[in-house]
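Structure first, commentary second.
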Amino acid sequence: MTTVKPADVVADAIASGQAKATAPSGTLVLRGVLGGAVLAATTTFAVSATVSSGSPVVGALLFPAGITIVILMGMELVTGGFALTPMAALRGLVPWSAVGRYCLMVVVGHVIGALAFALLYAGVLTGFGTHEAGALGTKLAETAAAKTTAYQGMGLAGMATVFTKAVLCNWLVCLGVFMGMVSKDTIGKIAAIWLPVMAFFGLGFEHAVVNFFVIPMGMLMGADVSFGDWWLWNQIPVLLGNMVGGFVFTGLALMHAHRPARSAATPSDDAAAAAPSAPATASAPATGSARGTTSPRGVAPERGSTR
């Protein structure tokens, strides 16, 4: 596996953030649709495996497939963009308005892609209304309630909990995004991405793009959750928490941890300015006497010199 140094990973991340922030809006929406749909499909796969096996560890092992596909196929994941695009803005490569446009366009795409998959898969689970959704439908409904009305019942403590879970989630997810850059080989990228993403899912943290799917899907499965519950008690605080976790805990932290070191052989600008100037070197020998005898400056001619 060809390994890339952390400082070079940070440089690649900044370049990636610049490319994302300057991409056309239509392209960002389409990539967001694709990313949202893929994550919805793999979330369903992971939840289904959890229900079948009775172990959440099995779902955690399988879920990273979605984020891996999104990264390798160049789709968009706004949670990764929360770390990458502000890094480019901090370096002055793009304006902050471009970061805002990126986030808005990709979120719109995620909502479209996740809701489209939810509607299609709800039809599959119920035979388009001909039978009950079964254990998987029940689990999805319970998950939607646990992500919304359960926090609501806790009041401000619930809001603090969902926000903190979102911060910790995107710290791990963005580590996965960065680790996808540590290798030049596909297998190396997959292995590196898998580890932190598996941890976030297994710990039950809150990911905005997953929730664009799993909460409305649970509502379709009969969860007693309103549109206001979805956005007030989950989607808005999770988006904000994901921003903090991605930008502050990952992007900003790694930018400062791996700043290019100043070469020890090259003095700083301040040191150069404070150093005394070297004496000027004479461009021609000085005249030793009026009779044409020359000698180094300040040295008298030897006795017996030619007169």
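Rule-based calculations on the coordinates, nothing more; no lab input. All values derive from a computational prediction rather than experimental measurement. In this analysis, Cβ positions are derived from the backbone assuming ideal geometry, glycine residues included, and neighbour counts consider all displayed protein chains.
Checking the conditions here, which among Ala83, Ala60, Ala89 is assigned to a helix (DSSP H, G or I) and either surrounded by fewer than 19 Cβ atoms within 10 Å (Cβ to Cβ) or over 16 Å from the mean Cα position of the chain (by Cα) (or both)?
Answer to the check: Ala60.
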Worksheet item: How many residues are among the small types (Gly, Ala, Ser), closer than 21 Å to Pro56 by Cα and under 13 Å from the mean Cα position of the chain (by Cα) if we restrict to region 161-202?
Response: 1
Discussion item. Every residue in region 211-260 that is touching a Cys at 6+ places or on another chain (Cβ under 9 Å) and of a type in the set (Val, Ile, Thr), please.
Written reply: Val238, Thr250
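For (1) more than 23 Å from Val33 (Cα to Cα); (2) free of Cβ contacts under 8 Å to residues at least 60 places away in the same chain, each residue gets a yes or a no:
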position: Phe117; (1), (2): no, no
position: Thr130; (1), (2): yes, yes
position: Leu136; (1), (2): yes, no
position: Tyr151; (1), (2): yes, no
position: Gly155; (1), (2): yes, yes
position: Ala160; (1), (2): yes, yes
position: Ala166; (1), (2): no, no
Practice prompt. Find the residue count for region 2-21, including only residues that are free of Cβ contacts under 8 Å to residues at least 12 places away in the same chain and either in contact with a helix residue (DSSP H, G or I) (Cβ under 6 Å, 6 or more places away or on another chain) or among the basic types (Lys, Arg) (or both).
Written response: 1
Worksheet item: Taking region 22-58, which residues are among the polar types (S, T, N, Q) and in contact (Cβ under 8 Å) with a residue 60 or more places away in the chain?
Response: Thr22, Ser25, Thr43, Thr44, Ser48, Thr50
Worksheet item: Out of region 20-50, which residues are surrounded by 15 or more Cβ atoms within 10 Å (Cβ to Cβ) and among the small types (Gly, Ala, Ser)?
Response: Ala21, Ala23, Gly32, Gly35, Gly36, Ala37, Ala40, Ala41, Ala46, Ser48, Ala49
